[in-house]
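Report on the following structure.
The values are calculated or read from the model by the stated rules, or taken from the named source; none is laboratory data. Not measured: the values here are computed from a predicted model. FYI the Cβ positions are ideal-geometry reconstructions off the backbone, even for glycines, and counts take in every protein chain you see.
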Amino acid sequence: MHAMPPRVSIVLPTYNERGNIEPLLAQLLPLQRQFDLEILVVDDDSADGTAELVRQLAHREPRLRLIRRVGRSGLASAIKEGLLDATGDVAVVMDSDGQHPPETVAQAIDTLCASDLDLVIGSRFHPKASIAGLSGRREAGSTWANACARFSLPPRYSELSDFMSGCFALRLEPLLPLIRAVDVNGFKFLYELLAVSRGRLATAEVPLQFQPRSYGSSKLDLAIFWDFLISILHSLSLRLLPRRAISFGLVGASGVVVQLLVTQLLMALIGLGFEQALPFAVVSAASSNYLINNALTFRFQRLEGMALLRGLLKFLLVASLPVLANVGLASAYYSFVARDTFWAQLAGILVVFVWNYAASSRFVWNTP
């Protein structure tokens, strides 16, 4: 009597992948000869018709399911939603841009099922891997990112070579509590999964023959790099500090530079006194913080157009009391403690950080 093949769920997050998704599905569907297969395409309301194409394909292919997300977005959250909706014994996550060959999927599943493992990663940096689809700049960036990830993750995972991979297979049922705990604002789902597991997962890697993208362009941008930096700091803080608080704090540090610079420029170029220059510098720093936080910290709730202007007015209103406290405390420090403009301003800035973070999160970007 033959053992039943495992039920395998393949999760494909998509955003504007119409040119890639049909050829990829044509390569993946033959896996149903080996496994009890379901394929979940989790689409972030693509503007190029990706979801419409998948819906048409699903009419004649019952193993294909479409999850179309409207009003929510992000790669990590798409992967999490797909895994939580999956019904397989084993789940596989892979990119939808054609850079992860389907052969790796079968190899990862076989490796997982043949041993007592929780997670198998398709690694671009395995000794037997190839990275034809990775430019020299991105290869250097990925190598650096992996080094930082290795430093911040539990020692049990130090032998892994690709913490940034978007291709991996896992045993679904035992890992569901960890999947639910993954922070979807994180840089990479795999990195966040390893971080929340606290070294409890048995892992292995298989070589990934990383291919050039067939259609479209990479989604890598400054916001992705920012997410990675926040993820590393979040892990190094033992996940005690909220991710948004870390991001808000880093942006606040840039505001310190803006405030100090504007103060010195107004004093040096226009001849204003410290007390006269300080209000302009504080408002400039607050406006800078708002724009950077809108672009990075709260980018999934990012405001645009008139909403951006209204948000700035709300932010300045929310910050008005602590701005007064900032100016008042800095002026008092300068007048009564020490005639030092740097420490005077820093004292005021520290007072307002917690208020600005909590109040603006709630009243400007409507997040708890």
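The number of residues in the range 137-164 that are within 15 Å of V93 (Cα to Cα) and touching a helix residue (DSSP H, G or I) at 6+ places or on another chain (Cβ under 6 Å) comes to 2. Against the numbered list (1) at pLDDT 80 or above; (2) in the same structural domain as L117 (by TED's automatic domain parsing), I224 comes up short only at (1).
Considering the range 9-53, and only residues there that are out of contact with any strand residue (DSSP E or B) (no Cβ under 9 Å at 6 or more places or on another chain), over 14 Å from R69 (Cβ atoms) and among the aliphatic types (A, V, I, L, M), the residue that is modelled with the highest pLDDT turns out to be L53. Each residue in the range 80-139 was checked for being in a loop (DSSP other than H, G, I, E, B), of a type in the set (A, V, I, L, M, F, W, C) and at pLDDT below 90, and 5 pass.
Of the residues making up the range 11-41, those that are under 17 Å from A169 (Cα atoms) and in contact with a helix residue (DSSP H, G or I) (Cβ under 8 Å, 6 or more places away or on another chain) are V11, L12, P13, L28, L31, Q34, F35, L37, I39, L40, V41. When V196, V256, V262 are checked against the criterion of being at pLDDT below 85 and not small (G, A, S), V256 stands alone in meeting it. One residue alone among L37, L28, L24 is in a helix (DSSP H, G or I), touching a residue at least 24 places away in the same chain (Cβ under 8 Å) and more than 26 Å from the chain's Cα centre (by Cα), and that residue is L28.
Checked against the criterion of being in contact (Cβ under 8 Å) with a residue 24 or more places away in the chain and in contact with a His (Cβ under 6 Å, 6 or more places away or on another chain), the range 274-285 contains not a single residue that satisfies it.
Yes/no matrix, rows are residues, columns are (1) at pLDDT below 90; (2) touching an Asp or Glu at 6+ places or on another chain (Cβ under 7 Å); (3) outside the structural domain of A295 (by TED's automatic domain parsing):
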| position | (1), (2), (3) |
| --- | --- |
| S158 | no, no, yes |
| G166 | yes, yes, yes |
| L172 | no, yes, yes |
| F189 | no, no, yes |
| R213 | yes, yes, yes |
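Between A129, A78, the distinction of being in contact (Cβ under 8 Å) with a residue 12 or more places away in the chain, under 30 Å from L303 (Cα atoms) and of a type in the set (A, V, I, L, M) belongs to A78 only.
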